[in-house]
């Protein structure tokens, strides 16, 4: 049996941890009617200029395909957290906008997410956190 490289083992562990963390965050954020994926979409829109973004850019910023984003938006639209402005010529150029209700829910969900992050984050030392963030940014192509 071949041993896995440290780098490959890291990615396997990261994927497993991602699933576990997502479930834990979803249970906490569910109080606000959103899961972690929903929260990330709201968060990216909240930071965007005028709280809106083209669908393709939003998908890119969230780190998912436009198809996956398109599947997630109807729920957020139905509960009034976002609104969409479709562009018939190019659906990827359609605008997704955070509503006032979406801004409020984002605020509440941020408080819940911050509490969960404190509960879940195993590092006690700031230096350990900085090393991990540097490693993740390197994988993500961020300098």
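The values are calculated or read from the model by the stated rules, or taken from the named source; none is laboratory data. Keep in mind that what you see is a predicted model, and the values were worked out from it rather than measured. All Cβ positions, glycine included, derive from the backbone under ideal geometry; neighbour counts span all protein chains shown.
Please go through (1) free of Cβ contacts under 8 Å to residues at least 24 places away in the same chain; (2) assigned to a helix (DSSP H, G or I); (3) over 15 Å from residue 99 (Cβ atoms) for residue 69 and return the number of the only condition it doesn't satisfy.
For residue 69, the failing item is (1).
Quick test of your reading of the structure: residue 64 fulfils all but one of (1) part of a helix (DSSP H, G or I); (2) under 12 Å from the mean Cα position of the chain (by Cα). Name the failing condition by number.
(1)
Identify, please: which residue in segment 20-49 is free of Cβ contacts under 8 Å to residues at least 60 places away in the same chain and surrounded by fewer than 16 Cβ atoms within 10 Å (Cβ to Cβ) and is, among those, nearest to the chain's Cα centre (by Cα)?
This residue is 22.
Which one is farthest from residue 34 (Cα to Cα) among residues in segment 77-103 that are outside any strand (DSSP E or B) and in contact (Cβ under 8 Å) with a residue 40 or more places away in the chain?
94
Every residue, every condition in (1) closer than 21 Å to residue 21 by Cα; (2) out of contact with any helix residue (DSSP H, G or I) (no Cβ under 9 Å at 6 or more places or on another chain); (3) surrounded by 11 or more Cβ atoms within 10 Å (Cβ to Cβ); (4) modelled with pLDDT of 95 or more, yes or no:
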site: 51; (1), (2), (3), (4): no, no, yes, yes
site: 87; (1), (2), (3), (4): no, no, yes, no
site: 112; (1), (2), (3), (4): yes, no, yes, no
site: 115; (1), (2), (3), (4): yes, no, yes, no
site: 118; (1), (2), (3), (4): yes, yes, no, no
site: 141; (1), (2), (3), (4): no, yes, no, no
